[in-house]
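Undergrad: Can you read through this structure? Questions will come right after.
The values are calculated or read from the model by the stated rules, or taken from the named source; none is laboratory data. Every value quoted in this text rests on a predicted model; they were computed, and no experiment measured them. When we count neighbours, we look across all protein chains shown, and the Cβ atoms used for this are built from the backbone with ideal geometry, even at glycine.
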Amino acid sequence: MELGRIVVLGVVGIAAVIDLRTRRIPNLLTFGSTAAAVVYHVWMGGIGGVVPSMGGWAVGIALFLPMFLLRGMGAGDVKLMGSVGAWLGPVLVLYAGLYSVLAGGLLALIVGAMHGYLGRAFSNLWGLLGFWRAAGIQPLPGLTIEDSAGPRLAYGVAIAAGTLAAVWLK
C-alpha cells in the first residue's frame, strides 16, 4: 500500500479516537495533516503534486461544507474531509465522502437506537424536509448541532470508516 494512504488512515484513525473522546477534531491534526499531504505530494511528484493535493482538499471541503453551513455538522469534520482529500486526491475523496455519508447514516441509526431517539430523529427529519419545502434550505432552530436535544455523533468515526472503505476498495 502506498505510504500516503497509510498516513491518511492513521490520521483519520487518530481523529476518530479524539472525536469519540471529546466530540472535537483538533485544528492541529487537520491543518497539520493537510500541510503534510501537500509536502508529500510535492516530494513524490514535484511541484505538479500541488494540483492533485489541493484539488482533493477543495473537493473534500466542498463535499461537507453545505452541512456545516446548515449547522448540521462541525467544522472539524469538514476540515478532516479536506485533509483526506489532500492525501487521496479529487477523485478518491469523492468515494471517501460517499462511503463516509453511508457510514454516518449507519452510525446515526445505531446511536439513535441506543439512546431511544430513533423515532424522534425520523420525526425531526420529516419536519426538517417540510420546513425546507416551505421556507427554503436553511438551518432550522432546534435541529442544529448547537441546540439539538438529540445525541451527538462523533462523525470522525464515519469519516474514518469511509476513508478506509475508499482506500480498501480502490
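Undergrad: Find the residue count for segment 117-170, including only residues that are surrounded by 13 or more Cβ atoms within 10 Å (Cβ to Cβ) and of a type in the set (D, E, K, R).
TA: Adding up the residues that qualify gives 1.
Undergrad: Same structure, new question: Scan segment 8-37 residue by residue and report those that are without any contact (Cβ under 8 Å) to a residue 12 or more places away in the chain and of a type outside the set (V, I, T).
TA: Residues satisfying the conditions are G10, R21, L28, G32, A35.
Undergrad: State all residues of segment 51-90 that are touching a residue at least 60 places away in the same chain (Cβ under 8 Å), aliphatic (A, V, I, L, M) and within 21 Å of G10 (Cβ to Cβ); if no residue qualifies, say none.
TA: Matches in segment 51-90: L80, M81, V84, L88.
Undergrad: Let me ask another. Working only within segment 83-95, note down all residues that are crowded, with 24+ Cβ neighbours inside 10 Å and closer than 9 Å to L63 by Cβ.
TA: G85, V93 - these are the residues of segment 83-95 that are crowded, with 24+ Cβ neighbours inside 10 Å and closer than 9 Å to L63 by Cβ.
Undergrad: Would you be able to tell me the number of residues in segment 23-57 that are of a type in the set (G, A, S) and exposed (fewer than 15 other Cβ atoms within 10 Å of the Cβ)?
TA: 5
Undergrad: Let me ask you something else. Tally up the residues in segment 1-46 that are modelled with pLDDT under 95 and among the acidic types (D, E), please.
TA: Looking only at that region, the number is 1.
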